[in-house]
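Trainee: Questions regarding the structure given below will be posed in turn.
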Amino acid sequence: MTLTIPKNEQIKRTFDYKRVYENGRRYYGKYLIFFVCNNNLQYSRVGISVGKKVGGSVKRNRIKRLLREILRHIWQNVIKERDIVVVAKKEAEGKDLRAVWQDLEGLFKKAGLLDEGNL
């Protein structure tokens with residue numbers, strides 16, 4: 001079992017982020033906002049966004065590291081053919097891994113994107 005998200009399964013281009021924001025369905029959690037949009041690929045892709053309202057660069061990068069770590073562990077259970085963008089809210093600043101993990105996993109379940117049989 002590999003615990004990485006392949007490069008082709010990461011959203012990097014601004015165009016892809018905008019498409020998900022405009023056409024995607026939104027789910028709101030305590031610390032995160034979750035955007036989900038269908039794609040025409042055989043795999044899902046994920047992007048992470050943490051705005052400047054959250055804090056300085058050190059705090060923003062810490063939240064991104066936490067989100068990447070969580071995604072690394074649950075990515076193999078995500079239903080395919082979706083584009084997903086995870087946006088951190090200001091409330092995520094200073095939260096520990098467990099709180100953010102519970103929020104993100106809850107959003108995946110709310111959106112129906114986790115294959116429960118493989119957990």
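The values are calculated or read from the model by the stated rules, or taken from the named source; none is laboratory data. These figures come from a predicted structure and were not determined experimentally. Backbone-built Cβ (ideal geometry, glycine too); neighbour counts: all protein chains shown.
Trainee: Please determine whether any residue of the stretch 50-60 is at pLDDT 95 or above and within 21 Å of Leu113 (Cα to Cα).
Mentor: no
Trainee: May I pose another question? Every residue in the stretch 71-83 that is under 21 Å from Tyr21 (Cα atoms), in contact with a Leu (Cβ under 7 Å, 6 or more places away or on another chain) and not acidic (Asp, Glu), please.
Mentor: Val78, Ile79, Arg82
Trainee: Cβ-Cβ under 7 Å, sequence separation 6+ or interchain: first residue in the stretch 36-49 and of a type in the set (Phe, Trp, Tyr), partner not in a strand (DSSP E or B). Which pairs?
Mentor: Tyr43/Glu9; Tyr43/Lys80
Trainee: Where residues in the stretch 58-78 are of a type in the set (A, V, I, L, M) and surrounded by 13 or more Cβ atoms within 10 Å (Cβ to Cβ), which of them is nearest to Ala111 (Cα to Cα)?
Mentor: Only one residue tops the list, namely Val78.
Trainee: A follow-up question, please. Identify, please: which residue in the stretch 1-57 is touching an Asp or Glu at 6+ places or on another chain (Cβ under 6 Å) and among the aromatic types (Phe, Trp, Tyr) and is, among those, surrounded by the fewest Cβ atoms within 10 Å (Cβ to Cβ)? Give the derivation first.
Mentor: At the first step, the residues of the stretch 1-57 found to be touching an Asp or Glu at 6+ places or on another chain (Cβ under 6 Å) are 20, 29-32, 37, 39, 43, 45, 54-55.
With among the aromatic types (Phe, Trp, Tyr) added as a condition, the list becomes 31, 43.
Values: Tyr31: 21, Tyr43: 12.
Here the answer is Tyr43.
Trainee: Here is a check on your reading of the model: is Val50 out of contact with any Leu (no Cβ under 6 Å at 6 or more places or on another chain), of a type in the set (Val, Ile, Thr) and under 17 Å from Ile11 (Cα atoms)? Give the derivation first.
Mentor: Details: out of contact with any Leu (no Cβ under 6 Å at 6 or more places or on another chain): yes; of a type in the set (Val, Ile, Thr): yes; under 17 Å from Ile11 (Cα atoms): yes.
Against the criterion (out of contact with any Leu (no Cβ under 6 Å at 6 or more places or on another chain), of a type in the set (Val, Ile, Thr) and under 17 Å from Ile11 (Cα atoms)), Val50 qualifies.
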